[in-house]
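The values are calculated or read from the model by the stated rules, or taken from the named source; none is laboratory data. Please read these numbers as outputs of a predicted model, since none were measured by experiment. For neighbour counting, all protein chains shown are included, and Cβ atoms are generated from backbone atoms with ideal geometry for every residue, glycine included. Ligands, DNA and RNA are stripped out before the accessible areas are found, and what is left, the full protein with its side chains, is counted by its heavy atoms. Shrake-Rupley method; radii C 1.70, N 1.55, O 1.52, S 1.80 Å.
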Amino acid sequence: MMEKKQLRKADFVTSILLILFGIWELAQSFQMPMRDTYGGVRNVWYVSPALMPLVIGFGVIILGAVLMINSIRTGGAADFIKSVQSFSLKISDSGVRFIGTLLAIGTFVYLLIPRVDFFMSIVFFLSFFIPAFAFDSGEDLKKLMVFYGGVCLIMVILFITPAADALNALFMFATDVLILIATIGLNIYAARLAKGDDTKRSRFRTGLIVAIVTPLVLTPVFRFFLLVPLPHEGGIVQLMQIIYYSLR
Amino acid sequence: MEALNALGGFFTSIGGLVADPINLLVLFGAVVMGIIFGATPGLTATLGVALLTTLTYGMNQSTAMIALLAIYVGGVYGGSYASILINIPGTAAAAATALDGYPIAMRGEGGRALGLTTTASAIGTIIGMIFVVSLSPLISELALQFTSFEFFLLAFFGIIISGTLTSPDLVYKGWIAGFLGLFLAMVGRDALQFYPRFTFGNSQLDGGLEVVPVLIGAFGIPQIIQVLKDKFVPKQAAKLDRIVPDFKTIGRNFKHIIRSALIGVGIGAVPGIGEDIAGWVSYGTAKNASKTPEQFGKGSYEAVVSTETANNACIGGAMIPLLSLGVPGSPPAAMLLGALMLHGVAPGPMLRIDHPGFIGEISAILLLASIAMWIAGMLLAKQVVKVLRIPPAIFMPIIAVLAVIGSYALGTKVFNLYLMVPVGIIAYFLTEMGYPIAPLVIGVILGPMADQNLRRGLMISGGSFAPIFTRPVALILFLVIVFTIVSQLPFYKRWMGDLRSRVAERRQARSSSGANKPE
Amino acid sequence: MKRVFALVVALALVAGFAFAAAEQEFPARDITTIVVWGAGGGTDTSVRVIMGEMANELGVPINVINVTGGSAGSVGMAEAYSRDADGYTLAGLSESNTTTGVMVADWDNTVDVWDWFLVGGSPDVVSVTPDLPYETIDDLVAAAQAAPGSIKAGAGGAGSIHHVNLLAFEQGSGADFDFIPYDGSAPSQNAAMTGEVQLVVTSVAEQAELIRAGRLRPLAVLVPDAFTISGQTIPSAFDTIPALAEVLPIQQAIGFAIRADAPEEVKAKIGEAFEAAMQSDTVQQFGEERFYVLSGAYGDEAKEIMQGLQSSLSWAVWEQGIGVDDPASLGIPRP
């Protein structure tokens, strides 16, 4: 949690957001049916689907207002205005770590999981996420973020244009192979960053093992034991399937 | 008479079940699987029962029931691991446990907490089971007293509880979080008239937000960000404290255990709601009843014991309407209903006649499952505590992967993941700004129930609130709510404090006067 | 470490060759059935039973999963439809899925995109709270006509098959009830037991245990023939209210479907297995115990049944004002 002074400052911003949200929510609610028959039910105000949303909307606005008054009274609002005037775009170390976490989770969920082979997406994700924080160095984190972010950007471009489909049609599992190459590249890069530092090197080694073992355990357990179809079953999952069927 | 019959079936069943080594193998296998399921963020008891339903199709009926009930018991209990050790509740049922369990683990007493919850969970399950054998017809009649207004009041009570989970900063921040949770619950087509609320024409939102992705988003993602961003290292236990049940603490918390078990059975018995709510209600009640409510939220053993007893007692409770009315008492029990039907058992009022001894068998399995859970828990807990020694930079990414798979696996919908991330980021900022997250999750869980039943109740009564005062169960619930609110008000606390000190004074005066005048 | 990568690449290449040789006779791998309704429900249990038997016939395991959400099962249906039309993905569906086209903006297909295999369904029954004076369906209709809107009727939400049956029953009998929607059949039956509503319309299968225990009093089934459960005969509402024959029956149809554009030989294989499974003791016994009327229809016959249901349900939903797409625009004829 933040410090008290910071909190009051943040409260001012949140209170504005809350009040705006409440107004928007009320506006939406008032468009819901409140009379006449709807869905086979004779509508009265107390039956309307708008009933709870209205309560929520008013509640949020009232509490938002209370929050705002408190923030103004304790000087949070004034602090906020002051800080806006002396605004600067400098990101602290913990800010970089925050962005790094978001980058990892965001790309994993929105880019990798839905489009890339399940196994490969976990290996790629962990190959970035573990060394990025385990090296415990702001410089390394930034470098790895640039590398990882660059690869993801290329993938995004591939996937929003028809390029990915064309590639996959040309060569089976082309995108999976691309991620495989990127993963190898990422690991070589991380290994170079770890060079000459024994703690980093041992952490890199542990990280690499974890990055491979985790999906190696999870994929078969979910796919073949718990019978959960995976979001994207690309090259490696299909390979596992062939092995599974030939063993059975 | 009926209870006696059930009891007879109960003892013969235990003998029969234990005699078969395969059954024992399945029992322990399923319990351990359940614990792993519960402990993994996002994988819930419901999912465990659902997945195992497919796998047990070929087994005979009693072996299948052993597997399903054992994974249910293990899953509800296993949720406490993740709650206590990493502050990410493994299941919604264990969310209340995280509030106090995590601070305990941070003090380096994680092992002791796990030992306690294991015993509390086992006791809870057994008490729930006793109710199944003895009072099942009576309780299922009581469950039939629940009409729309009672359901609404029950949901309302749960929401009021979020008022007792006060924020570390300003009191009303808890309310704001609660309202935001209620708003999330409004998304989707409303259950009465099918009007699409806040869906923006996206048919994926039509069915509403699922609890698991919201839960994992709201608790998991902020925790991952915080640990990595602030380079947070949990305090190591000076020495691995003993996991072995600490019977003294259990004894001291005995009244909490009994009360929580009753709450758990009661809530489980009400159709449609289950472990998740039982944990919160028990937490709120324990806080109100405790002599040291200020310790709640800071690592109180009373709180952890109360929530874990209640959510496990809920299992027995949920079996009651399932077996005697054919109405599942909780989400995992709904899966069990399907599994039972696959095995040719139609639960309902005629079960006693069609399959005499079946209720006894179910109780026997519950007892065996809770014993197996206790043994497995005692063996596992010591090992599990060691995860705290893994450096967070390696541990948290794995947790991230597990949380993602967990949120995906229940509905096998990638859309749930898309939802989880923004919820998590908002929850992170809210946590940073001193908002408690628990009311938000309670709002999401109880919102639809409150909304639907309030409107349906008013629809039936023609807009009148009179049924709240004329129906006995509704009136009791209403009075409990009023008491809960009043007990939060400052003047009541002052008055009670006055009263207590006056009583103490008088007692002291009497004892001192007694000392002066020997008989 | 580099050796590990080399190994992975080599394995990937081997896999590539293996795929080329993987063209085998259907079924060569596990089949997945996506049930669009929740686990434990009527569709789920029926599909699991039939899949269990079909797995024996086909010689490969069939995994049943539930993908719920959206309206009228749209999310699961879209998911099943997005998989390859190779017969390795089936969809566990029911009659309510025929309204998805009307209910959901981004699903504009009709039942014709599927080939249906119908396990069967259970007829709808009108029941009342046992302590009420209504002994026959005529008593009930007379009371409702005497005081329109005074009797509260519970059923699943708008557009559910039970609600549509209730509407048709009102239309055919001239009775007027106060409709109270519930979130599914079980809660509506509960409400009728507690007396919160006086009458409930759900299927015989769902009510059977409650009827047998005397918790609900069945008045009539909404199909042309009387129905017997454990020695108790429930008369048909058609006997005394002949006008019902014009609007009813609208019967439950539970089963599964394969994409219509799947190869014919795959469909034929599944059809054979389905037919054998329907004849098996397990399925027959399941039908008897659960009070289902087993169907076994597939191919053109099943398609016709589903088209009929699609007409009555889609138009009913549209007239309730809760649809998004006009059924006429989807080419669905009026019933």
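Side notes on the structure shown:
- Single condition B:ALA409 does not satisfy, out of (1) under 25 Å from the mean Cα position of the chain (by Cα); (2) modelled with pLDDT of 85 or more: (2)
- Among residues of the range B:335-376, those that are farther than 17 Å from B:GLY34 by Cβ and outside any loop (DSSP other than H, G, I, E, B), counted: 15
- Residue in the range B:373-415 that is surrounded by the fewest Cβ atoms within 10 Å (Cβ to Cβ), counting only those that are small (Gly, Ala, Ser) and within 14 Å of chain A (Cβ to nearest Cβ): B:ALA393
- For the range A:46-80, a tally of residues being within 8 Å of chain B (Cβ to nearest Cβ), more than 19 Å from C:GLY157 (Cβ to Cβ) and modelled with pLDDT under 85 returns 0.
- Filter result for the condition that a residue is under 21 Å from the mean Cα position of the chain (by Cα) and either in the same structural domain as A:ILE243 (by TED's automatic domain parsing) or touching a residue at least 24 places away in the same chain (Cβ under 8 Å) (or both), over A:ILE188, A:ILE184, A:ILE160, A:ILE212: A:ILE160
- For B:ILE176: the one exception among (1) open to solvent by less than 30 Å² (accessible area, probe 1.4 Å); (2) more than 10 Å from every other protein chain (Cβ to nearest Cβ): (2)
- Remark: pairs (first residue in the range B:99-124, within 19 Å of B:PHE254 (Cβ to Cβ); second residue of a type in the set (Asp, Glu); Cβ separation under 6 Å; 6+ apart in sequence or on different chains) = B:ARG112/B:ASP241; B:THR117/B:GLU308; B:ALA120/B:GLU308; B:SER121/B:GLU308.
- Cross-chain or 6+ apart pairs with Cβ under 7 Å, the range C:195-213 first and more than 8 Å from chain B (Cβ to nearest Cβ) and outside any loop (DSSP other than H, G, I, E, B), then open to solvent by 10 Å² or more (accessible area, probe 1.4 Å) and among the aromatic types (Phe, Trp, Tyr): C:VAL204/C:PHE227; C:VAL204/C:PHE291; C:ALA205/C:PHE291; C:ALA205/C:TYR292
Residue-by-condition table, conditions (1) among the polar types (S, T, N, Q); (2) buried (at least 20 other Cβ atoms within 10 Å of the Cβ); (3) modelled with pLDDT under 80:
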| site | (1), (2), (3) |
| --- | --- |
| C:MET1 | no, no, yes |
| C:ALA6 | no, no, yes |
| C:ALA15 | no, yes, yes |
| C:GLN24 | yes, no, yes |
| C:PRO27 | no, yes, no |
| C:MET51 | no, yes, no |
| C:GLY59 | no, no, no |
| C:ILE65 | no, yes, no |
| C:GLY76 | no, yes, no |
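- Every test in (1) free of Cβ contacts under 8 Å to residues at least 40 places away in the same chain; (2) open to solvent by 20 Å² or more (accessible area, probe 1.4 Å); (3) not charged (D, E, K, R) is passed by B:GLN193 save one, and that test is (2).
- Scanning the range C:214-236 for residues that are within 22 Å of the chain's Cα centre (by Cα) and either basic (Lys, Arg) or part of a loop (DSSP other than H, G, I, E, B) (or both) turns up C:LEU222, C:VAL223, C:PRO224, C:ASP225, C:ALA226.
- Test result for A:ILE242, surrounded by 15 or more Cβ atoms within 10 Å (Cβ to Cβ), assigned by TED's automatic domain parsing to the domain that holds A:PHE129 and more than 20 Å from C:THR33 (Cα to Cα): yes
- Qualifying residue in the range B:420-428 (condition: under 18 Å from A:PHE108 (Cβ atoms) and at pLDDT below 85): no
- When the range B:196-207 is limited to residues that are more than 8 Å from every other protein chain (Cβ to nearest Cβ) and in a loop (DSSP other than H, G, I, E, B), the one that is most open to solvent (accessible area, probe 1.4 Å) turns out to be B:PHE200.
- Looking only at residues in the range B:429-440 that are open to solvent by 10 Å² or more (accessible area, probe 1.4 Å), in a helix (DSSP H, G or I) and not polar (S, T, N, Q), the one that is nearest to the other protein chains (Cβ to nearest Cβ) is B:GLU432.
- Of the residues making up the range C:289-327, just one is of a type in the set (Gly, Ala, Ser), more than 23 Å from C:ARG259 (Cα to Cα) and surrounded by fewer than 17 Cβ atoms within 10 Å (Cβ to Cβ), namely C:GLY321.
- Unmet requirement for B:MET59, which otherwise passes all of (1) in contact with a helix residue (DSSP H, G or I) (Cβ under 8 Å, 6 or more places away or on another chain); (2) surrounded by fewer than 24 Cβ atoms within 10 Å (Cβ to Cβ); (3) modelled with pLDDT of 80 or more: (3)
- Restricting attention to the range B:27-51, the residues being surrounded by fewer than 24 Cβ atoms within 10 Å (Cβ to Cβ) and either more than 21 Å from the chain's Cα centre (by Cα) or away from every other protein chain (no Cβ under 14 Å) (or both) number 2.
- Count - residues of the range A:81-116 that are part of a helix (DSSP H, G or I) and within 13 Å of chain B (Cβ to nearest Cβ): 23
- Residues of the range B:259-298 that turn out to be touching a residue at least 24 places away in the same chain (Cβ under 8 Å), in a helix (DSSP H, G or I) and surrounded by fewer than 17 Cβ atoms within 10 Å (Cβ to Cβ), as a count: 2
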